[in-house]
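One structure is given here, and the rest of the page talks about it.
Laboratory data are not the source of any read-out in this text; all were calculated from the coordinates shown. Because the structure is a prediction, the values reported are computed rather than measured. Cβ placement follows ideal geometry from the backbone for every residue including glycine, while neighbour counts extend to all protein chains displayed.
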């Protein structure tokens, strides 16, 4: 009589996959570009996210690792992908004061008005006038939508 297949190999594989994912998230946080590159080159998706919705790009941006941010963007990572709390990599980099990462993400097309709080709101909160200049002092709004606060004259 045949019974169900032994679940141990599947459980071991799942545990190994989870351990690898955690190691890759740590590599993004800690700036281990060589490790990340090795696994991404081997086929691990650059879109990998943790249980909070933080992707490798978010973790690298928040922790100030421009080389990893550039590499992930070159692989096709979405510069504006928000996590489960609505936070974007750009806003995270502004919050942490990683100006080089902010510039890289802005050049890649990250929207300073996306997310909650937005990168623009974080720059305003922390008085980062150089970032407000980079983003443009006023948000881009559709025709017919009024701003709550007036923008300064250009």
Only Cα pairs under 8 Å and at least 6 apart count here; give the relative contact order of the range 41-142 as a rounded whole percent. 22
Express the Stokes-Einstein translational diffusion coefficient of the range 10-73 in µm² s⁻¹, to the nearest whole number, given a Kirkwood radius over alpha-carbon pairs, 4 °C and a viscosity of 1.567 mPa s. 110
Proxy exposure order for 18, 102 (fewest C-beta within 10 Å first) is 18, 102
Rounded to two decimal places and with Rh computed the Kirkwood way over Cα pairs, what is Rg over Rh for the range 1-127? 1.12
